[in-house]
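Here's the structure we're looking at; comments come further down.
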Amino acid sequence: SLICKFGDDLQVTTTGAIQSTCVGLAVMYGHMDCLRMVAAAGGNIHKATKCGVTPVYIACQKGHVEMLRFLIQAGASIHQERENGASPCLVACDGGHADCLALLLATGAVDVDAKTDEGVTPAHLAALKGHLNILHILKTAGANLFSLDARGLAPLQAAKAGKHRLCVRFLQVAERNP
């Protein structure tokens, strides 16, 4: 009844000072039943925190693919970025969540080359974290694997910095055979 009474304007602050909506917290902690209940009670699946974090962003960050599927089917936007320009696609790549990335790509409306304010792309983060499977998916989706960030660094340099030899080799081959 608390949810119904306050609707989507209810903001919750956890002991760790995380501010979110009820929908956001259900997604953050992976409680699908709670997500369904809160959404059915009128919880706003679109509402972002003050820094722009949406339930879709959280699902991609945590790798909760079934929650992401639910949110997309319920009409949640996959395009809303955080205040620094980070997108749900970017955070899925950062976390190595291939299933979330594939679901986002299946919508046909994801920019695989979207950059943060620092010019970082999904390929930069996948390379830095050593997510070779994500680099394969991005390449297949037509991502630019050679884009430079604001410091002039390409994903190849990110892979080298992270000491991810397989990613380095993949990007070197991709560079020679685009």
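From the list Leu138, Leu103, Leu156, Leu166, which one is in a helix (DSSP H, G or I) and in contact (Cβ under 8 Å) with a residue 40 or more places away in the chain? Before the answer, list the steps.
Details: Leu103 fails: in contact (Cβ under 8 Å) with a residue 40 or more places away in the chain; Leu156 fails: in contact (Cβ under 8 Å) with a residue 40 or more places away in the chain; Leu166 fails: in contact (Cβ under 8 Å) with a residue 40 or more places away in the chain.
Unique residue meeting the criteria: Leu138.
Are any residues in the range 78-101 closer than 13 Å to Ala114 by Cβ, touching a helix residue (DSSP H, G or I) at 6+ places or on another chain (Cβ under 6 Å) and open to solvent by less than 40 Å² (accessible area, probe 1.4 Å), and if so, which ones? Those that are closer than 13 Å to Ala114 by Cβ, touching a helix residue (DSSP H, G or I) at 6+ places or on another chain (Cβ under 6 Å) and open to solvent by less than 40 Å² (accessible area, probe 1.4 Å): Ile78, Pro88, Cys89, Leu90, Val91, Ala92, Cys93, Leu101. Inspection of the range 112-122 finds a residue satisfying the criterion of being β-branched (Val, Ile, Thr), closer than 19 Å to Ser87 by Cβ, open to solvent by less than 40 Å² (accessible area, probe 1.4 Å) and in contact with a Ser or Thr (Cβ under 7 Å, 6 or more places away or on another chain). Just one of the listed residues (Ala158, Ala143) is in contact with an Asp or Glu (Cβ under 8 Å, 6 or more places away or on another chain) and either closer than 16 Å to Pro88 by Cα or crowded, with 16+ Cβ neighbours inside 10 Å (or both), and it is Ala143.
Restricting attention to the range 57-73, report how many residues are part of a loop (DSSP other than H, G, I, E, B) and surrounded by fewer than 16 Cβ atoms within 10 Å (Cβ to Cβ). Working first, answer last.
We begin by selecting, within the range 57-73, every residue part of a loop (DSSP other than H, G, I, E, B); these are 63-64.
Those still in the list that are surrounded by fewer than 16 Cβ atoms within 10 Å (Cβ to Cβ) too: none.
Looking only at that region, the number is 0.
Table: residues versus (1) open to solvent by 20 Å² or more (accessible area, probe 1.4 Å); (2) in contact with a strand residue (DSSP E or B) (Cβ under 9 Å, 6 or more places away or on another chain); (3) among the aromatic types (Phe, Trp, Tyr).
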{"site": "Val38", "(1), (2), (3)": "no, yes, no"}
{"site": "Gly42", "(1), (2), (3)": "yes, no, no"}
{"site": "Thr49", "(1), (2), (3)": "yes, yes, no"}
{"site": "Pro55", "(1), (2), (3)": "no, yes, no"}
{"site": "Ala76", "(1), (2), (3)": "no, no, no"}
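The values are calculated or read from the model by the stated rules, or taken from the named source; none is laboratory data. Every value quoted in this text rests on a predicted model; they were computed, and no experiment measured them. Counting neighbours? That spans all protein chains shown, and the Cβs are built from the backbone with ideal geometry, glycine included. For the accessible areas, the whole protein counts, side chains as well, though only heavy atoms, and no ligand, DNA or RNA atoms are used. Shrake-Rupley method; radii C 1.70, N 1.55, O 1.52, S 1.80 Å.
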